[in-house]
1. Would you please list the contacts, defined by Cβ atoms under 6 Å and residues six or more apart or on different chains, that run from a residue in segment A:51-76 that is over 12 Å from A:C19 (Cα atoms) and at the interface with chain B (Cβ under 7 Å from one of its Cβ atoms) to a residue that is surrounded by 23 or more Cβ atoms within 10 Å (Cβ to Cβ) and of a type in the set (F, W, Y)?
2. Quick test of your reading of the structure: B:D456 fulfils all but one of (1) touching a strand residue (DSSP E or B) at 6+ places or on another chain (Cβ under 9 Å); (2) loosely packed, with under 11 Cβ neighbours inside 10 Å. Name the failing condition by number.
3. Can you pull out the residues in segment A:17-29 that are more than 15 Å from A:R131 (Cβ to Cβ) and open to solvent by 20 Å² or more (accessible area, probe 1.4 Å)?
4. With (1) free of Cβ contacts under 8 Å to residues at least 60 places away in the same chain; (2) within 19 Å of the chain's Cα centre (by Cα); (3) open to solvent by less than 20 Å² (accessible area, probe 1.4 Å) as the list, and A:T207 as the residue in question, which single condition is left unmet?
5. Sort out which residues of segment B:426-444 are more than 7 Å from chain A (Cβ to nearest Cβ) and either more than 27 Å from A:K43 (Cβ to Cβ) or of a type in the set (D, E) (or both), and write them in order of number.
6. Being at pLDDT 95 or above, out of contact with any Gly (no Cβ under 8 Å at 6 or more places or on another chain), in a helix (DSSP H, G or I) and open to solvent by less than 40 Å² (accessible area, probe 1.4 Å) is the requirement here; does B:L280 meet it?
7. Check B:H503, B:H480 and return the single one that is under 20 Å from A:A25 (Cβ atoms) and within 14 Å of another protein chain (Cβ to nearest Cβ).
Amino acid sequence: MLNTTAKGLLLDTTRCIGCGACALACKERNGLPKTSDAVLEDKLSDKTFSTVNQVGNRYVRRMCMHCATPSCASACPVAALEKTAAGPVIYHESKCMGCRYCMIACPFGIPKYEWEKKAPLVRKCDLCADRLAKGLKTACATACPTGATTFGDREALVAEARARFAANPGRYREHIYGFEEVGGTSVLLISDAKPEELGYPAGLDETPPPHLTWRVLNIIPDIVMTGAVLLGGIYWIRNRRDEVDAAEGHHDASTKGH
Amino acid sequence: MPKLALPRLTFWRGVLLAILAAGTYATFLRVFKGLAGSTNLTDAFPWGLWIGFDILCGVALAAGGFTISATVYIFNLEKFRPIVRPAILTAFLGYVLVVVALLFDLGRPWNVWHPLVMWNPHSVMFEVGWCVTLYTTVLALEFSPVVFERFKMTKTLHVLHVIMPILVVLGVLLSTLHQSSLGSFYLIVPTKLHALWYSPLLPVYFFLTALTLGCAMTIVESFLSNRAFGKELDMELLVPLGRVALLILGVTAVIRFADFRHRGILGLPFAPTYESRLFLAEMIIGVLAPAVLLALPKVRQHRTGLFLSALLIVMGVVMNRLNVSITGMERSSGEIYVPAFTEIAITLSVVGVGFLVFALAVKYLPVFPEHEMKDARPPVAPDALHVAAQPIRSLPMPAIAVVALAFVAAGALGADGVRRREVVPGPPAPAGTPALAAALASFEAPAERTFPQAPDSPGPVSFRHASHVDASAPDCLSCHGNSYSFLGRTQAPPAGLMHDTKHCGGCHDGTSAFSVEDDCAACHKSE
């Protein structure tokens, strides 16, 4: 499961003032162009890896959740996506062949594609892996002035979330989204609203989706061995009968179809 | 003596030409305009017709190869031997075309070989990639005796004859794995694929439908060969295939019923939704109608009746694959996907090229061994796409009624389903202005920061957020995002830059605040 020292983010919709600093800091760090007049209008795309939008009457961030057992990394046939021990799910673009199975697999709909380009790549948040390596916070957490995006060790963030629940009775719907969902994510979300009211997928099981495929892939060697013996055996029995017939001179019995 | 005369332009040749012309234009768009310029694919709907039909259906339609070679070589049912070659040829062509179609769909097709060296054993697609590569090789070897016979290479033929059982066992295993794994593709999306199609048994369904399809395609191909080449397989061979198809249809239906019962969704197919209507249409065309037809001995033993039953099975499996990959994925994506003209043109061209190459192979290679074939009609000039009239009138009335009823019912359900298709509402729209009192209580003006000294500057500038930001209504973007970095510049700004109207000078103009030209020491700390 999650490395306890793995870094993550705690998103708190009750602290967000919708200033847009996180989204613009993300664009700055990733060198991404402006995509709308007002930063709060941005949608996730190949040019926007992190958003803060008004949903209902709250401001809500969307970004890669950096799952402990990422569906995208499990789906990728060439291991172009990788969950690192430090927390981020990173993308090795030189490996990618552009099958877009990661986009199908992601339960949060995060990976986006450069549809317009002739050599397109998958684009998404990488939790500022290079900044983390230098001991810095993510760009979004650096820019956030209210603690609506808090950076830290995931374990500490879980404790922080619980401390906020305890210190502000009635302020939160006391559920840490991402603590158990899809087997845990490095990005956690707390709010006074249900996930579906925030535009987040609801009803996610705590079984990591990759386990659903691995259960099947894991028995392939058994299928191959059993199948080879079974088919070989049938072949041997079925053809042996003909050979015996032929040896005994019952040529008429071995002339099926000839 | 090469014939120089141009081939006669028949109706079907004309259709093929038109399709290939459209396909060529679509290929041009795909190459020069990218995926955006040649498909209706989006971030929300990244897999469309090319994956749904060309890949998922393409592989399934080629299932005749392993079904028939197992029947003949492993189960030693020698009477089916005449079907082996056409079945293997179709399978081989099918797989080659699947790979060609894949190259259109991949964003970076020049990296298509990556799964062979960059392994991820946890990926279903990695497994499918390997299986398809190996199986295409096996198919090529299985078909190669035909080519070697043509050139009378007896030694090679002998070697192939010896290793054939191993090849066949390998081919059956590889097929079992990847036919089912195409269903496993979707195991990872329990919250995205509609419950009518998402099931832990997806790989089992995909495998069983591929087996049924293997039988059905052999029947269909035989009848099409009759029409095109005047070569046809004995009904004695095809009728048992129909029976086997009926058996597997029944087994699959029972498994599906049990699966639905255990998941508590037996009522779901009858819900008045887009998905349920298309699911019922799939079941009627692909399961119910062919099962009824094949269960009637009079229909099963009737050439056209058998052909129609098999055709329904083929259509049903195609509907199934499209329902899994498109219909079932639409609701969760929040988008309605309709393939672009270019996507359809490429798909049709792939099918057209398949027909063309099959026809050429039949013409120049001993695919249908002459002596074992029943000549259905006097030999005509080999005309790949010539179609003769077929006596459909001789079909028993109930059979015609079942087929007509199935099409009417499926058509009505499909039309009603499409009418019910709606875009899923996204997250709630913005409502009013969020109450920010609680959130603002957590606002903390960022720390003081120092701007490095510019070349013409009297000293570095210390900037205090606390005295510049209104804590009751902080507006970060009035400075950040335009002129000021969020992450901090480390280099000294160019001379004069900070005094301009885009930076400090914008507000410090002597009107809104004291001017940047007033008192240097107010901001610049001297050394």
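The values are calculated or read from the model by the stated rules, or taken from the named source; none is laboratory data. As the structure is a prediction and not an experimental result, all values here were calculated from the model. Please note: Cβ atoms are built from the backbone with ideal geometry, for glycine as well, and neighbour counts cover all protein chains shown. With ligands, DNA and RNA removed, areas are computed over all heavy atoms of the protein, side chains included. Shrake-Rupley method; radii C 1.70, N 1.55, O 1.52, S 1.80 Å.
1. Matching pairs, first to second residue: A:A75/A:Y101.
2. Every condition holds for B:D456 apart from (1).
3. Of all residues in segment A:17-29, those more than 15 Å from A:R131 (Cβ to Cβ) come to A:17-21, A:23-24.
A:C19, A:L24 - these are the residues of segment A:17-29 that are more than 15 Å from A:R131 (Cβ to Cβ) and open to solvent by 20 Å² or more (accessible area, probe 1.4 Å).
4. For A:T207, the exception is condition (3).
5. B:A437, B:A441, listed by residue number.
6. Judged against the criteria, B:L280 is a match.
7. Details: B:H503 fails: within 14 Å of another protein chain (Cβ to nearest Cβ).
Every option except B:H480 fails the conditions.
Every residue, every condition in (1) closer than 23 Å to B:C215 by Cα; (2) under 19 Å from the mean Cα position of the chain (by Cα); (3) assigned to a helix (DSSP H, G or I); (4) touching a residue at least 40 places away in the same chain (Cβ under 8 Å), yes or no:
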site: B:L311; (1), (2), (3), (4): yes, no, yes, yes
site: B:M319; (1), (2), (3), (4): yes, yes, yes, yes
site: B:V324; (1), (2), (3), (4): yes, yes, yes, yes
site: B:A345; (1), (2), (3), (4): no, yes, yes, yes
site: B:G352; (1), (2), (3), (4): yes, yes, yes, yes
site: B:L356; (1), (2), (3), (4): yes, no, yes, yes
